[in-house]
Amino acid sequence: MEMILNENDIVVGAQFEKGTIQDYVDEANMYGLIRLEDTTAHWFLFNNEDSPLDIKNLYRETKQDPNHFIQDDFGEEIVIFNKEGEKSYEDLASKIDEYLNAEMGSLF
């Protein structure tokens, strides 16, 4: 996985075999985009205690839509929505996990 840096050398996404991931693709910087082969989806991280109000509102809205998936990793939730394509939510969540772990590893 090759990290994508912005002009300030901050990780903003990654390229990997057969796909990309971006942290933010909306103007409010609330959700990202993942592409894996022929599948795309939006994603964000949610923590009920620490997430700001706008993310909490997005979380509530997303949960009402049947086209969503939530993977709870000990209170930190990966939320995936607006999926288009054949890849499973689990495949997308696995790639997001891999990205987040690689991003955290680059900080240390």
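All of the numbers you see were taken from the coordinates with simple rules; none came from a lab. These figures come from a predicted structure and were not determined experimentally. Here Cβ is always computed from backbone atoms with ideal geometry, including for glycine, and neighbour counts include all displayed protein chains.
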Of all chymotrypsin sites (Phe, Trp or Tyr not before Pro) in the range 1-105, which ones are in loop regions per DSSP and have a Cβ with at most 13 other Cβ atoms within 10 Å? Phe74
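With charges only on Cβ, +1 for K and R and -1 for D and E, what is the dipole size of the range 2-107 about its Cα centre, in debye, rounded to 20?
On the way: 8 positive and 25 negative charges, 51 e Å.
Using only the charged Cβ atoms, the result is roughly 240 debye.
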Distance histogram for the range 1-52 (every C-alpha pair counted, 10 angstrom bins, percent rounded to whole numbers): 23, 48, 26, 2
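Specify, per residue and in Å³, the volume enclosed by the convex hull of the alpha carbon atoms belonging to the range 2-107. Don't jump to the answer; show the numbers that get you there.
Working: hull volume 11.8 nm³, N = 106.
About 111 Å³ per residue, rounded to a whole number.
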Sparse-neighbourhood loop hits (trypsin sites (Lys or Arg not before Pro), the range 1-92; DSSP loop; Cβ within 10 Å at most 12 others) -> Lys18
By a straight-distance test (C-alpha under 19 Å), which lysines pair with Lys83 as possible cross-link partners, with residues fewer than eight away in the same chain excluded? Lys18, Lys63, Lys95
